[in-house]
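First comes the structure, then the notes that go with it.
The numbers here are math on the coordinates, done by the rules we state, and not lab data. This is a predicted model, so every value here is computed, not measured. Reconstructed Cβ throughout: ideal geometry from the backbone, glycine too, with neighbour counts over all protein chains shown.
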Amino acid sequence: MDSGNTDSKGFWKPLFNTITGLCDPKKLGDAPSTIKFGLLLCGLVLIGCIVEVIILKDDPGYVFACSFINAIALVAIFVLILNREQSGQKQQSANNPEWSQTIVKRPVNPSQVKDLQAILKDTRAKAHKEIKRVFPKSQIKLNHLRCNIFLPDYRDPFAMGSMSMPDSFMINMNSQDERSLQFAPGEGVVGAAFQKSKIMVASVEKVDQRTKIPKWPKEFVMKQEQLERVSKSLKWIMAFPLFNQFGTVNGVFSIDGLSHSITEDILLRVVSEMLPEVLAIASEIEKLDVSKVEVFIR
């Protein structure tokens, strides 16, 4: 009978050492609480097994039966732990957004726009000065230039992610049709600048003689509604993506011109001189209040 007791100890001792090793605080410090609780239950079951072996060592059949039942209990405990952990992971996954982005809060806080409005006016004046320097023959005047900032707007569920112009960030935009324009990423010159994170310039190629609607280069696709709402006098546009400190685009700053045509090669020469002002605008945008947009997929 003593040899039977020795065999029992030889079976349980390694298993017991394994469990107590797993319960080492250094190893389980970061483990989920469910696993810790499960291992505690397993430890209690094993302690019960050892007690049974000691007390009932003269009845090997009964010890075997109890050990068999305890083994089933251990399996059941581990199955419950596994199921609970998987359920917890699914719940955690459901609570994590598939996509998130920090954007400027809309509507923009009026108390935060004064400095930015002043920069926009100065930038418009510099753009006019640079155009006259690069293209002295142009008869364009300051009142032919317009400046705008487009920011993503997630308030409209039917236009999620489209960009629009806050009222505080428009200069010389006199048409309500244009003031309420929205461009999705990739639409028009502004949308292309946002989507590709690149400076874009474009000049009107020709004007439809019947509708008077300007025709833009084919890479800048717009809906018919947008084409009809854009000013018939618009001749060119420069669009600058506004980067934040993390390298993502917060919005787009645009300068455009009415009535007087300017070729794209001249616009590109002007662009290089406008970068300090664009960086200043981007810096001011980062000072505005922000919101976090999250997308969940069910």
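Brief remarks on what is shown
- For chymotrypsin sites (Phe, Trp or Tyr not before Pro), the sites in segment 131-187 that DSSP calls loop and that have at most 14 other Cβ atoms within 10 Å are Phe158.
- Multiplying the residue separation of Ser231 and Ser197 by 0.36 nm and subtracting their alpha-carbon distance yields 9.7 nm.
- Summarising the amide proton neighbourhood of Asn250: residues at separation of 5 or more, or on other chains, whose placed amide H is nearer than 5 Å comprise Leu242, Phe243, Asn244.
- With eigenvalues of the C-alpha gyration tensor scaled by 5 and rooted, segment 123-221, Å: 25, 18, 15
- FRET efficiency for Lys292 and Arg179, using Cβ-Cβ distance with R0 set to 41 Å, rounded to 0.05: 0.90
- For segment 132-149, backbone phi angles converted through the Karplus equation (6.51, -1.76, 1.60; θ = phi - 60°) give residue-by-residue couplings of 5, 6, 6, 10, x, 6, 5, 9, 5, 10, 4, 6, 8, 9, 10, 10, 8, 10 Hz, Gly and Pro being listed as x.
- Near the amide H of Ala202, within less than 5 Å, lie the amide hydrogens of Ile237, all on another chain or at least 5 residues away, with H placed in the peptide plane.
- For the peptides 268-280, 186-198, 239-251, residues were scored by their other Cβ atoms within 10 Å and the scores averaged per peptide; the highest-first order is 186-198, 239-251, 268-280.
- Taken over segment 101-295, the alpha-carbon convex hull comes to 116 cubic angstrom per residue.
- Here the Karplus curve 6.51 cos²θ - 1.76 cosθ + 1.60, taken at θ = phi - 60°, turns the phi angles of segment 164-173 into couplings of 9, 9, x, 4, 6, 10, 10, 10, 6, 9 Hz, with x standing for Gly and Pro.
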